[in-house]
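Scroll down for the structure; my scribbles are underneath it.
Read-outs throughout are calculated quantities, based only on the coordinates presented, and are distinct from any laboratory measurement. Worth saying up front: this structure is predicted, and the values here are computed from it rather than measured. As a convention, Cβ positions derive from the backbone with ideal geometry for all residues, glycine included, and neighbour counts pool all protein chains shown.
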Amino acid sequence: MDHAPPPEPITELPLHPDAHPDVRTDAHPDAGARPEPGTDVPYRLDVLPDGRETLVAGDVDRFADFTHPQGDNPFGYRGTCGLCSCEGVLRQFGVDVGEAEVVAHAIARGLCETDGDPAMRGGTSLTDQARVLGDFGVPAHTERADSLEDLAAALEHGRGVIVAANAGVLWDDADSYDGGRANHAVVPIGVARDPATGGIQGFYINDSGTGEQARFVDAATMAEAWLDAGGGCVVTDRVHAAPHERTTQ
């Protein structure tokens with residue numbers, strides 16, 4: 001991925017009102033490459049919702065617990081998908097925080113929207129999100145991706161990631177399409193590859209807008225929701241440490 005200025009601040013959507021044919025890409029030369037020693041990236045064979053076999057990279061079951069419907073803060077802010085995504089990534093790295101604490105931090109440091117409709121308050125840019133992560137001890141940077149392989153590589157090498165996507169595409173909701181721009185933040189927590197070819201079948205994501213945990217999003221949908229919306233993301237500088245190297249922060 002190229003390091004690039006982030007897209008315009010995401011005017012984040014409030015909680016989704018309904019809260020509570022997969023396509024693979026061509027195999028990349030580095031598809032399924034094992035991470036560097038010392039990282040903790042589990043691999044397992046599994047079955048996709050449509051019954052196909054898959055090889056999943058990522059601690060999907062554990063990281064699935066690190067999301068919840070956004071808006072769980074005392075300020076009445078409901079446009080907090082980016083801050084909830086920060087919370088989820090921080091928890092991946094052992095930082096014990098909740099949405100209220102992250103939102104309070106962002107308000108105090110001017111790292112989120114504080115004016116206007118409460119449904120939109122709490123909105124963040126990718127730069128804001130990277131700063132929040134760093135403030136809590138997990139340095140990160142913004143990137144702009146060119147392909148799904150960029151995202152897969154980050155996950156397979158043990159990095160935490162937040163992507164700026166289009167909610168209308170992710171939710172199949174015309175009312176949330178908003179011209180197709182990046183208007184929502186989610187946390188990819190695993191990548192699914194064809195065990196035979198290495199092609200990307202899709203990704204597992206945590207979505208605070210719907211409250212969904214480890215939802216499988218096929219490759220074509222992710223490409224439309226994320227790459228077509230600019231491919232913006234936040235990637236941690238740190239990688240998930242192997243169990244014997246983990247420390248609680």
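Odds and ends about this structure:
- Two-site FRET efficiency, Arg44 against Val97, from Cβ-Cβ distance with R₀ of 22 Å, rounded to 0.05: 0.20
- Between Ala119 and Asp228, the FRET efficiency estimated from the beta carbon spacing at R0 = 35 angstrom works out to 0.90.
- Estimated FRET transfer efficiency (Asp237, Arg62; beta-carbon r; R0 30 Å; 0.05): 0.90
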